[in-house]
1. Being out of contact with any helix residue (DSSP H, G or I) (no Cβ under 9 Å at 6 or more places or on another chain), over 30 Å from residue 23 (Cβ atoms) and either modelled with pLDDT under 95 or surrounded by fewer than 21 Cβ atoms within 10 Å (Cβ to Cβ) (or both), is that true of even one residue in the stretch 110-120?
2. Return the residues of the stretch 50-67 that are part of a loop (DSSP other than H, G, I, E, B), of a type outside the set (Lys, Arg) and surrounded by fewer than 20 Cβ atoms within 10 Å (Cβ to Cβ); say none if nothing qualifies.
3. For the structure I just gave you, tell me whether residue 70 is buried (at least 17 other Cβ atoms within 10 Å of the Cβ), over 22 Å from residue 136 (Cβ atoms), touching a residue at least 24 places away in the same chain (Cβ under 8 Å) and touching a strand residue (DSSP E or B) at 6+ places or on another chain (Cβ under 6 Å).
4. How many residues are in contact with a Gly (Cβ under 7 Å, 6 or more places away or on another chain) and closer than 15 Å to residue 30 by Cα when one looks only at the stretch 97-123?
5. Checking residue 233 against (1) touching a Lys or Arg at 6+ places or on another chain (Cβ under 8 Å); (2) within 19 Å of residue 58 (Cβ to Cβ); (3) exposed (fewer than 15 other Cβ atoms within 10 Å of the Cβ): exactly one of these is not met. Which one?
6. Need pairs with beta-carbon distance below 6 Å; first residue free of Cβ contacts under 8 Å to residues at least 12 places away in the same chain and within the stretch 169-191, second not small (Gly, Ala, Ser); sequence gap 6+ or separate chains.
7. Which residue pairs have Cβ atoms closer than 7 Å, lie 6 or more positions apart in sequence or on different chains, and pair a first residue in the stretch 215-240 that is closer than 14 Å to residue 52 by Cβ with a second residue that is assigned to a loop (DSSP other than H, G, I, E, B)?
8. Out of (1) farther than 15 Å from residue 173 by Cβ; (2) modelled with pLDDT of 95 or more, the odd one out for residue 68 is which?
Amino acid sequence: MFPFENTLTRLQFRLRRDVFGRIKVRPGLPAPVAGAGVERERGFYSLVCEKAFDLETRARVALVWDIGCRNWSYARALAAAFPRANLIGVEVDGGRRYWNLHRRMDMAAAHAVDLVRHGRGARCVFRDFRELHLESLAADPGLGAGDSGRLRSIQAFGFFFPFVSPRPCVRWGLPPDYADFRSLLEHAGNSAGPKIFLSTHQGEWEAEIASKAYLEMGLEPRESVLQPTEFSGLWPSPHPVHVLSAASAAR
């Protein structure tokens, strides 16, 4: 990796996060993203969740953390896959701006509001996941999660196509330290109560890096592979998608 590219990426990210991304150009929230493309994307995420865990397990989840939720256009798919869970989307790069001048964080918040209107607890947080106090957020009364019983219920941590190596991370406009998948797992693993983990990876080599991170955490990942024929028309990739899942008892 070239030092200049690394330095430029850091500068651009800081400007986007701390300066330009803080400016709200358009008032209010946009309408939630909809259309055939979004429905196909939601179909893909539903397929991934079903591949990772059976319905009995998913129905026991009280809270879903989606780390790296982007604009959260697939949030409804997570809500359907985990029918009794509240949802928290986390995105570190929420200041990216679309052609309509709304930011990624505006779009994600609109999908959270849409879930709330349909009776589900949902919110978005636009910070580095590793900086969050998970117990405090999980107990947010606005999620309906303020009772100790819910905090003892299963939490699910989803990492959909996380960066596991520096080069792709920098190419997508994030500093290379955001490619530390092990640190994300560690922070999730330090939260209270029983947990399940789900991650998706593009290609065998990324899955190998991620599997090593699970094992270093004392987790035994189960790997399933979705072939392109299984998600044809749902997800624009010619490569297999590796789905890793694991479970951890209460600490």
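The values are calculated or read from the model by the stated rules, or taken from the named source; none is laboratory data. This is a predicted model, so every value here is computed, not measured. Positions of Cβ are generated from backbone atoms using ideal geometry, with glycine treated the same way; all protein chains shown enter the neighbour counts.
1. Looking through the stretch 110-120, at least one residue is out of contact with any helix residue (DSSP H, G or I) (no Cβ under 9 Å at 6 or more places or on another chain), over 30 Å from residue 23 (Cβ atoms) and either modelled with pLDDT under 95 or surrounded by fewer than 21 Cβ atoms within 10 Å (Cβ to Cβ) (or both).
2. 54 - this is the single residue of the stretch 50-67 that is part of a loop (DSSP other than H, G, I, E, B), of a type outside the set (Lys, Arg) and surrounded by fewer than 20 Cβ atoms within 10 Å (Cβ to Cβ).
3. So residue 70 fails the test.
4. Of the residues in the stretch 97-123, the ones in contact with a Gly (Cβ under 7 Å, 6 or more places away or on another chain) are 103-105, 108, 112, 121, 123.
In the following step, the residues that additionally are closer than 15 Å to residue 30 by Cα were identified as 103-105, 108, 112.
Total satisfying the criteria: 5.
5. All conditions are met except number (2).
6. Within 6 Å, the pairs are 169/163; 169/176; 169/178.
7. Going by the 7 Å Cβ cut-off, the qualifying pairs are 225/240; 226/240.
8. With (1) farther than 15 Å from residue 173 by Cβ; (2) modelled with pLDDT of 95 or more applied to residue 68, the lone miss is (1).
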